[in-house]
Each structure stands twice: as C-alpha cells, then as structure tokens.
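The values are calculated or read from the model by the stated rules, or taken from the named source; none is laboratory data. Since the model is a prediction, treat every value here as computed from it, not as a measurement. Here the Cβ positions follow ideal geometry from the backbone for every residue, glycine too, while neighbour counts run over all protein chains shown.
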Amino acid sequence: MDIVAHALWSVAAGIGIRESLKRPVHLGWIAAWGVAPDLVSFTVPACIRIGRYVTGASKSLLPDGTGPRFDWVWNVYNASHSALIFAICFGAVWLFMRRPVLEMLGWGLHVLIDVFTHSGMFAIKFLWPLSSVRVDGKRWETPWLLALNYAVLAAVYLLLWRRRSA
C-alpha cells in the first residue's frame, strides 16, 4: 500500500476505534504509526539518493551501481513489517504505560494491509524473525487495485462523514 493510503486507513480505523470504544484516539499519532514502517525503512536511502541526484553525483534516483548500498534496509523493513515485532512492541508499551496505546494499532494495520498488497521482493515476512513465510499478494500499485483502494477509502470517509453529520 502507498504511504498516503496507509495514513488514510489508519485515521479511518482510529475514528472507528474512538467511536466504538468511547476512548480518545489521537488521529495524528495513529496516522504516524500507520506510515512508520515505511518511513523507518526508506527515508534514509531516499534522502541520500535524492541528495546524490540533486548534487549531480548520480544521474538517476534509482540505484545505478554507484554510491552507497543499503543492504541494511531489508532488516529494518523485515522488523518494521513483522506482526510479531509489532505485537511485542505493542505489549511492552502496554505494560509500561499500564494501558493500551491505541494509536500504535496504525502500525498493526499497516502490517495487515501489506501482507496482502505486496509481492515479490517486497512480500513481507510477517512472522520475522521466527519465519520467512510470506504471502505473494497482489501488488498495491496494480491499477485496478489502486483505484479500488481509493474508491473504498472515499466510501469509508463518506460514511464516516454522514454518520457524524446525522
């Protein structure tokens, strides 16, 4: 899933959690947690590639064989997209704070969505580090899936708006 859709799905889930549990959920934080797995994985390499491109050190934003290699990113990607790592972190924060930090559920939703919307080298190892099992899902950037995703998001937000206006 793309980062904008992750943020939108997380906020929609946050609204639903807030309304169903009658508990405060900070929508900015749930959105931040919803995009965090991708940001922690790809921000540094993206900034370095953009910097190399802008300064003329590289003629492409894509890997061109020059410049630094980012092999370490795959370990960060695996960790940030692991349902197991999410569950451990969520549980540890719950114990520390003595309450569930519901905003962190944006991270869990991110992992759940990505299990089915990533394939090939980006198919997530959702049980990492215990297992490398993956689901070869449908790529989120497939035109019909991308259109369907945003159409469903629009419908969800329309329903949330109508329910709030009623």
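Summary of values
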{"item": "Only listed residue being more than 14 Å from the chain's Cα centre (by Cα), in a loop (DSSP other than H, G, I, E, B) and small (G, A, S), chosen from G51, G56", "result": "G56"}
{"item": "Qualifying residue in the stretch 135-154 (condition: surrounded by 14 or more Cβ atoms within 10 Å (Cβ to Cβ), in a loop (DSSP other than H, G, I, E, B) and in contact with a Lys or Arg (Cβ under 9 Å, 6 or more places away or on another chain))", "result": "no"}
{"item": "Verdict on L158 being aliphatic (A, V, I, L, M), farther than 27 Å from N75 by Cα and without any contact (Cβ under 8 Å) to a residue 12 or more places away in the chain", "result": "yes"}
{"item": "Of residues in the stretch 42-93 being small (G, A, S) and in contact with a helix residue (DSSP H, G or I) (Cβ under 6 Å, 6 or more places away or on another chain), the one surrounded by the most Cβ atoms within 10 Å (Cβ to Cβ)", "result": "S80"}
{"item": "Test for W29: is it farther than 30 Å from R162 by Cα, part of a helix (DSSP H, G or I), out of contact with any Phe, Trp or Tyr (no Cβ under 9 Å at 6 or more places or on another chain) and not acidic (D, E)", "result": "no"}
{"item": "Where a residue in the stretch 74-93 is assigned to a helix (DSSP H, G or I) and its partner, wherever it lies, is of a type in the set (S, T, Y), with Cβ under 7 Å and at least six apart", "result": "V76/S41; Y77/S41; S80/S41"}
{"item": "Hey, H110 modelled with pLDDT of 95 or more, within 18 Å of G34 (Cα to Cα) and in contact with a helix residue (DSSP H, G or I) (Cβ under 7 Å, 6 or more places away or on another chain) or not", "result": "yes"}
